[in-house]
Amino acid sequence: MRILRVLFRQLLSPPATNRFPTTYAPKSVKDFLARAATDGSLVTPPVPVPPRFRGKIAYDREKCIG
């Protein structure tokens with residue numbers, strides 16, 4: 001029964017995704033980029049990354065051994 005509780009909670013909660021760079025998909029990406037270059041309010045800002053976030057991998061070629 002616990003799974004049903006989780007299922008209903010997820011069905012009723014809003015999505016957790018950030019709609020970046022726009023809220024809805026534009027019909028023409030080229031036209032959207034041209035308009036966004038002049039009007040910055042069209043672009044949805046990305047979610048700020050919390051300090052000490054460990055999700056992004058960075059490679060250091062000097063430290064690589066293989």
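Computed from the coordinates by the stated procedures, all read-outs in this text should not be read as laboratory data. Keep in mind the model is a prediction, meaning the values are calculated, not measured. A quick note on method: Cβ atoms are made from the backbone with ideal geometry, for glycine too, and the neighbour counts reach across all protein chains shown.
Among (1) 255; (2) 96; (3) 80, which is the computed volume of the Cα convex hull per residue in Å³?
After the calculation, the listed value that fits is (1).
By counting other Cβ atoms within 10 Å of each Cβ, how are L33, L4 ranked from fewest to most?
So the residues, fewest neighbours to most, are L4, L33.
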